[in-house]
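To start, the structure under review is shown below, and the notes come after it.
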């Protein structure tokens, strides 16, 4: 994993980074440290250039992102069925007209597109779409990736890699990818909760599994995971789970999680990421935009952390109502790392609330955010939002510390931001990126 070059030099006024700050100096120092510290984006749906067309980038992909599609159907008379019959360019045109011309782009997702255009010096007014298309069409993806990550202040990107995905699989089978800023994650959705629909894929590849995960199926799933760990060298394994997830229970999901995935994580020395709270396809007409959020039973997390103390868990929950429980459980189990504000929580007002709560309960011992970006350029506005939101939260924490008699220095602020942006994750993955 690339190492950020983070310095704590003397300030321009000559004051050393170890000098006690005055309360009025704290916000400026916090903003400066946040702006100058590169982040590890620990969960995205991005791909390195090696994966070709699987990786999404450019203005038409930004505009047809499923968050904007959901907003579009609220502001347009076009039905989902008619929308899906349009070409990508026609969909993009329709969304631009409805959300950027006929309405002001004030939602988080639409503002994000404006922020990306602005970052590249492109026009943000209603007539600017064609110029944006020409700009992105002229880019080389290999060069463009570097520019985007530099603008976003991102040193490393952690992908989401499904070994059963028919488009992604050929890349791994032919040697994988070696871009130094992109790192793999072994995603297990189709194995853990999608077993009834996907077990035959494993069987067709020579693994001795059956529909009920009986017999030697567990052993064979572990062999499958070992093969893909060797192929991908993932930083962690991951699964997205519904709001009805329970552990323990008599489901195939629980069986394969406890008897195959978690033992494999221990063997390879990597964490398991649990992303809990999805309600899938509440409106199938919207396709990818049709998923929603549900409150989870956090006792499942409690039971996993207690039952498997030698496993490390990264956990993100989708419901706002679950956030306090997650932070409290992290105080009880040091093998639990809360991370990010996922999906519909990734709005600045909610991110601010959750991050304040976590700091109050956990100090700097959590991972505040990931981009969850599906389109490359989204990392620009998502990390811009994160830095903008974290600045007053951290400033408030340090000002309260100062008011209570504690010492606040730039060096201390830098140490905490390093933890939040980088080293908490690096330590949790135990250096597996190197």
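Please treat every number below as a calculation from the coordinates, not as lab data. Note that this is a predicted model, so its numbers are computed, not measured. Every residue, glycine as well, gets a Cβ built from its backbone with ideal geometry; the counts of neighbours run over all protein chains shown.
Sorting 36-42, 266-272 by their mean Cβ neighbour count within 10 Å, with the most densely packed peptide first, gives 36-42, 266-272.
For the pair the range 243-266 / the range 374-434, the C-alpha centres are spaced 32 Å from each other. Estimated from the Cβ-Cβ distance and a Förster radius of 45 angstrom, the FRET efficiency linking residue 138 and residue 297 is about 0.35.
The label-point distance for residue 331 and residue 404, in a model that sets each label 7 Å from Cα toward Cβ, rounds to 1.3 nm. Going from the fewest other Cβ atoms within 10 Å to the most, the residues 67, 236 appear in the order 67, 236. Just to verify a number: FRET efficiency for residue 324 and residue 36, C-beta to C-beta distance, R0 = 22 Å, to 0.05? Step by step, r from the Cβ atoms, then E = 0.10.
Indicate the gyration tensor shape class of the range 343-434 (rounded, prolate or oblate), computed on the Cα atoms with a ≥ b ≥ c the square roots of the eigenvalues: a/c under 1.5 is rounded; otherwise a/b larger than b/c is prolate and the rest oblate. Oblate.
Gain on full extension, evaluated as 0.36 nm per residue between residue 356 and residue 231 minus their Cα-Cα distance, stands at 41.0 nm. As a rough guide to protection, the peptides 366-373, 78-85 ranked by mean Cβ packing within 10 Å, highest first, stand as 366-373, 78-85. Highest mean packing comes first when the peptides 249-260, 415-426, 17-28 are listed by Cβ atoms within 10 Å, giving 415-426, 249-260, 17-28. Dividing the summed helix terms, -39500 (n - 2.57) for each DSSP H run of n ≥ 4, by the number of residues in the chain produces a 222 nm estimate of -13000 deg cm²/dmol to the nearest 500.
Multiplying the residue separation of residue 280 and residue 219 by 0.36 nm and removing their Cα-Cα distance gives an extension gain of 19.0 nm.
Largest GNM mean-square fluctuation among 319, 76, 217, using the chain with Cα springs under 10 Å: 76. Projected onto its three principal axes, the C-alpha set of the range 59-137 covers 35, 26, 19 Å, listed from the longest axis down.
With both residues required to sit in the chain, DSSP beta bridges show an antiparallel share near 10%. Here the Gaussian network model covers the chain, with springs between Cα atoms less than 10 Å apart; of 167, 357, 377, 167 fluctuates the most. Computed extension gain for residue 102 through residue 307, at 0.36 nm per residue and net of the alpha carbon distance, reaches 68.4 nm.
Distance from the Cα centroid of the range 140-155 to that of the range 330-360 is 27 Å (rounded to whole angstrom).
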